[in-house]
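Following: one structure in structure tokens, then a few remarks.
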Amino acid sequence: MSASPVRVRFAPSPTGYLHVGGARTALFNWLYARAHGGTFVLRIEDTDAARNTAAAQAAITDGLNWLGLDWDEGPEKGGPHAPYYQSQRGDIYDAYFQKLADAGHTYTEDNGAVRFRSPREIIILPDKIGGDIKIDRTEEPDMTIRRPDGSYIFHFVNVVDDIEMQITHVIRGEDHIYNTGKHIELFRALGAEPPVYAHIPLILNGDGSKMSKRDQGAAVGYYQENAFLPAAVVNYLCLLGWSPKDDREILAIDEILPLFRWENMGHSNAKFDMEKCRWFNAQYLAQLDAPSFDHLAIAWLLRQEPLLPGTDDPRLVGALPLIQPKIKSITELAEHLPMLFDSAAPIADEARTKLAAQPDLALRLNTLLTHLEAVTDWTAVNLQTAVANAASALAIKPGTLLFPLRVLTTGQAHGVDLLPALEWLGRKAALARLNARVVSLTNAAN
RNA sequence: GACCCUUUCGUCUAACGGUUAGGACACGACCCUUUCACGGUUGUAAUACGGGUUCGAUUCCCGUAGGGGUCGCCA
């Protein structure tokens, strides 16, 4: 069997932002190409000059690069079928248009628009995911393929380029199913064999509506800005409409490739769940080595305005390992840095309330303070001993003292592992915070 | 409205026609723990409905209902 080499393409139009649905379409094309030793083509469908922007185009290439979806032919890369911008392929379209016209497949409207004369048949689309799909074209009006100003319509250029670029498989959203009926007519009229089609189900909001620009996470840029790990996003996106058919979820791309087959594709739309996406991110974040985490964190911190506490503090790199295991996304640094770097941060309401529930608080705090002040070699291990001794003196469990200690040193009820954090903070700073807050608390109580 | 696709826990999904219908996110409980977390165990929770076919249906067929898509001189 000498099947022709696989050639797939992602063909976005640069009119807005890179939608997660589009990104997943690109991802599935990329996976199919990589799984079959094929070629992944990126083609920019910018025939509608009025709606195209350079920013939108950058969002596409930036987003794909960020996700790690490298293309073999396309913008910035070139290839045997260049150019890969439809706006630069007018001569090719003219030639194909002439061919269609010469064969009598077209006619011109009074205003100059040109339509394709539909054969008006029932088309059975053999879809790799949906099976045989019936598309009744017998009652449909003829599609316009060229505007009065001479510019060409999507259907026409899309098919011409798929022929020219020798695309073998078209993997796109199922919102294109009816377009495919039109496209098959054009392929046939141009004497070309239509490619293999696979229409993938769509990604929707949690409420079932279409994800649009204002929905959180609809744009790939959202994940870039919020410093998600691209591998985590890719992993999550794969599981929307594809399954390894076993219980695995955390899968490296290399594990996915051999399992990326049509029979593993889902047939129904999937609702996007940001919580689960964040969970994937947390899983990947936890596996990151320290230098990579630091790099990611610092890059994100430097983009914040105003800068978060600690951003330009030399102790930052020491604090990051404390934070890494506690967060699901880099953006949560915003919650952790103030309590570590802002010694005057007010005590959070939740922490204050829980603290007030402690019996004999003043006695406990003073006992704790006394034992801590006796620690000269300020390490987590020694602090642990000191807390244990204080607890023993009070005849209570050590754990009882940890929460008050947390609140008095950080001002928060939640946060990083406490004793290592106090070691990082240092004896002088930690005791200063403790004393100051004990005083304020005692005064308030009286 | 017409046509097409689709329907398993709230969500993502698994289950050669025979399973106590499994896993994951989220949520609750318990355990671990020297705090906060992680982790472990566990609980609540699903085959849309009605007909067939079959010894037996989540699985195959038909219908109904719900959801989505499409109906451009946008892509």
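The values are calculated or read from the model by the stated rules, or taken from the named source; none is laboratory data. Owing to the predicted nature of the structure, the values given are computational and were not obtained by experimental measurement. Note: ideal-geometry Cβ built from the backbone for every residue, glycine included; neighbour counts use all protein chains shown.
Numbers for the structure displayed
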read-out: In segment A:197-217, the residues that are modelled with pLDDT under 95 and either among the small types (Gly, Ala, Ser) or away from RNA strand B (no atom under 15 Å from the Cβ) (or both); value: A:206, A:208, A:209, A:212, A:214, A:217
read-out: In segment A:375-394, residue farthest from the chain's Cα centre (by Cα) [restricted to those that are β-branched (Val, Ile, Thr) and surrounded by 15 or more Cβ atoms within 10 Å (Cβ to Cβ)]; value: A:375
read-out: Failed criterion for residue A:193 (all others in (1) charged (D, E, K, R); (2) surrounded by 14 or more Cβ atoms within 10 Å (Cβ to Cβ); (3) closer than 22 Å to residue A:7 by Cβ hold); value: (2)
read-out: Options A:385, A:400: the member that is near RNA strand B (Cβ under 8 Å from one of its atoms) and either more than 26 Å from residue A:335 (Cβ to Cβ) or not in a helix (DSSP H, G or I) (or both); value: A:385
read-out: Options A:75, A:141; residue that is away from RNA strand B (no atom under 12 Å from the Cβ), without any contact (Cβ under 8 Å) to a residue 60 or more places away in the chain and under 21 Å from residue A:157 (Cα atoms); value: A:75
read-out: Flag for residue A:91 being of a type in the set (Asp, Glu) and either in a loop (DSSP other than H, G, I, E, B) or surrounded by 21 or more Cβ atoms within 10 Å (Cβ to Cβ) (or both); value: no
read-out: Flag for residue A:376 being away from RNA strand B (no atom under 12 Å from the Cβ) and assigned to a loop (DSSP other than H, G, I, E, B); value: yes
read-out: Pairs with Cβ under 7 Å, 6+ apart, first in segment A:232-254 and among the aromatic types (Phe, Trp, Tyr), second part of a loop (DSSP other than H, G, I, E, B) and near RNA strand B (Cβ under 8 Å from one of its atoms); value: A:242/A:266
read-out: Identity of the residue in segment A:133-189, of a type in the set (Gly, Ala, Ser) and within 21 Å of residue A:44 (Cα to Cα), that ends up surrounded by the fewest Cβ atoms within 10 Å (Cβ to Cβ); value: A:150
read-out: Filter result for residue A:224 (more than 12 Å from RNA strand B (Cβ to nearest atom) and modelled with pLDDT under 95); value: no
read-out: Search result, residues across segment A:331-344 that are in contact (Cβ under 8 Å) with a residue 60 or more places away in the chain and assigned to a helix (DSSP H, G or I); value: A:331, A:336, A:339, A:340
read-out: Yes/no for residue A:174 being touching a His at 6+ places or on another chain (Cβ under 7 Å) and not basic (Lys, Arg); value: yes
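A quick yes/no check of all residues on (1) among the basic types (Lys, Arg); (2) without any contact (Cβ under 8 Å) to a residue 40 or more places away in the chain; (3) surrounded by 15 or more Cβ atoms within 10 Å (Cβ to Cβ); (4) within 16 Å of RNA strand B (Cβ to nearest atom):
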site	(1), (2), (3), (4)
A:8	no, no, yes, no
A:17	no, no, yes, yes
A:21	no, no, yes, yes
A:29	no, no, yes, yes
A:32	no, no, yes, no
A:38	no, no, yes, no
A:43	yes, no, yes, yes
A:51	yes, yes, no, yes
A:56	no, no, yes, yes
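Residues checked against (1) buried (at least 19 other Cβ atoms within 10 Å of the Cβ); (2) assigned to a loop (DSSP other than H, G, I, E, B); (3) free of Cβ contacts under 8 Å to residues at least 40 places away in the same chain:
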| position | (1), (2), (3) |
| --- | --- |
| A:346 | no, yes, no |
| A:352 | no, no, no |
| A:362 | no, no, no |
| A:396 | no, yes, yes |
| A:405 | yes, no, yes |
| A:414 | no, yes, yes |
| A:420 | no, no, no |
| A:429 | no, no, no |
| A:435 | no, no, no |
